[in-house]
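**Q** What follows is a structure written as structure tokens; I'll ask about it next.
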Amino acid sequence: MKNHQKLLLMFLLLLFVVLLILEMQIVTSVQDIVERGALREQDISALEEKALQKDKPQTLDEFEMLVRSSPNSSFIWINYMAFLLDLADVEKARSVAERALKTINIREEEEKLNVWVAYFNLENECGCPREHAVNKIFQRAVQYCDPKKVYLALLGMYEITEQHELADELFERMTKRFKTSCKIWLRRIQFSLKQGRDVQYIKSIINRALLSLPQSKRIKFLSQTAILEFKCGVPEEGRSIFELLLREYPKRTDLWSVYIDQEVRLGDTDVIRALFDRVTWLSLPPKKMKFLFKKYLAYEKSHGDRERMELVMQKATEYSKISQA
Ligand SMILES: *[C@@H]1O[C@H](CO)[C@@H](O)[C@H](O)[C@H]1NC(C)=O
């Protein structure tokens, strides 16, 4: 039992880190990058708090003092919960969770959410029956926090603890409730790919997503889906999505560029060169062409030889002669 509790303690401490990583998995738009900046700040403050951990409180009194001096710090509250779990005092840990939720200022949303997530984990570990106990906390949390974040947090827990069926059910609810969210659909696709679901199933999810997502998110959704497919062992599916997109938008250098990046990662030089040759044949504005030739040259510099590099430069020269003529 003791070891069991220790594990949970470690688990709770790791939670922030895992949440950060999950958040960072899909970075596409500028907004995402801005969000990532914000997360990095959190990351730093988490590190600072870790440094404080050197003098880890040892007693109930010490924890009481700490939560009085830093009432908004979910980190301290969660440590307090973990401390009590370590003493096998589940009831007391629950009551600390409740106190944390009452005490943390309403404007400190992230801090509050962290406590809710710790509370899910507590019930997931100690609740009886656990599904019911987790669900009760979840129902409360969605009323107080940004529902999308709460759903994602519960999902994260199901994924980490490998409760795949529950994750699947939750995804079904999420893709109904947040059906215009690209991020949620992509998470579902990523999850299904990692579960090794068959191509037909993945396609049905993609089609449902396309029916629900606003037109403005279509390219982002499809290109990100293609990247996921490349990364999850079905590159041929990813390829056909990129080809489809590029038939519609042959001048989108950004799409060509990520498509090439995926092939470079897989490493088939013939396929990669064929793509570069196709794209450098297009008649695109000089600035875009310059970008593509540079990319091609960089590729040959690290994967080809001098002769290959010269060939690329020759092509670039020909292009600039034609475009100036
Ligand atoms: C708790 O958070 C609120 C809102 O952000 C802030 O006004 C308050 O000063 C914080 N309390 C402490 C003790 O830091």
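**Q** In the stretch 130-178, what residues are of a type in the set (D, E, K, R) and more than 14 Å from residue 192 (Cα to Cα)? So that I can check it myself, show each step before the final result.
**A** Taking the stretch 130-178 first, the residues of a type in the set (D, E, K, R) are 130-131, 136, 140, 146, 148-149, 159, 162, 165, 168-169, 172-173, 176-177.
Listed by number, the residues that qualify are 130, 131, 136, 140, 146, 148, 149, 173, 176, 177.
**Q** Looking only at the stretch 135-176, count every residue that is touching a helix residue (DSSP H, G or I) at 6+ places or on another chain (Cβ under 7 Å), assigned to a helix (DSSP H, G or I) and not hydroxyl-bearing (Ser, Thr, Tyr) and tell me the total.
**A** Counting residues in the stretch 135-176 that are touching a helix residue (DSSP H, G or I) at 6+ places or on another chain (Cβ under 7 Å), assigned to a helix (DSSP H, G or I) and not hydroxyl-bearing (Ser, Thr, Tyr) gives 18.
**Q** Any residue in the stretch 151-175 that's within 21 Å of residue 115 (Cα to Cα): show its pairings with residues that are crowded, with 17+ Cβ neighbours inside 10 Å and acidic (Asp, Glu) at Cβ separation under 8 Å, as long as the two are six or more apart or on different chains.
**A** Every condition considered, the pairs that remain are 167/159.
**Q** Quick check on my filter: what residues within the stretch 121-144 are at pLDDT 95 or above, within 24 Å of the chain's Cα centre (by Cα) and surrounded by 14 or more Cβ atoms within 10 Å (Cβ to Cβ)?
**A** Hits for the stretch 121-144 are 121, 122, 124, 134, 135, 137, 138, 141, 142.
**Q** Of the residues in the stretch 92-113, how many are more than 16 Å from the ligand (Cβ to nearest atom), under 19 Å from residue 61 (Cβ atoms) and not hydroxyl-bearing (Ser, Thr, Tyr)?
**A** As a first pass, look at the stretch 92-113 and keep what is more than 16 Å from the ligand (Cβ to nearest atom): 92-98.
This time we only want the ones that are under 19 Å from residue 61 (Cβ atoms), so: 92-93, 95-96.
Going one step further and asking which of them are not hydroxyl-bearing (Ser, Thr, Tyr), we end up with 92-93, 96.
Within the stretch 92-113, residues that are more than 16 Å from the ligand (Cβ to nearest atom), under 19 Å from residue 61 (Cβ atoms) and not hydroxyl-bearing (Ser, Thr, Tyr) number 3.
**Q** Which residues, counting only those in the stretch 124-139, are touching a residue at least 24 places away in the same chain (Cβ under 8 Å) and of a type in the set (D, E, K, R)?
**A** First pass over the stretch 124-139, keeping only residues touching a residue at least 24 places away in the same chain (Cβ under 8 Å): 124-126, 131.
The answer is 125, 131.
**Q** Only residues that are closer than 15 Å to residue 106 by Cα and near the ligand (Cβ under 9 Å from one of its atoms): list them for the stretch 62-75, please. Working first, answer last.
**A** Pass one, the stretch 62-75, residues closer than 15 Å to residue 106 by Cα: 70-74.
Within the stretch 62-75, 70, 71, 72, 73 qualify.
**Q** Looking at 78, 44, which is the one that is of a type in the set (A, V, I, L, M, F, W, C), within 18 Å of residue 149 (Cβ to Cβ) and either at pLDDT below 95 or more than 16 Å from the ligand (Cβ to nearest atom) (or both)? Reasoning before the result, please.
**A** Details: 44 fails: within 18 Å of residue 149 (Cβ to Cβ).
Of the residues listed, the single one that is of a type in the set (A, V, I, L, M, F, W, C), within 18 Å of residue 149 (Cβ to Cβ) and either at pLDDT below 95 or more than 16 Å from the ligand (Cβ to nearest atom) (or both) is 78.
**Q** Tell me the residue from 248, 236 that is within 23 Å of residue 283 (Cα to Cα) and of a type outside the set (A, V, I, L, M), please.
**A** Numbers: 236 fails: within 23 Å of residue 283 (Cα to Cα).
Criteria check complete, one pass: 248.
The values are calculated or read from the model by the stated rules, or taken from the named source; none is laboratory data. Everything numeric here is computed off the predicted structure, so don't read it as measured data. Here Cβ is always computed from backbone atoms with ideal geometry, including for glycine, and neighbour counts include all displayed protein chains.
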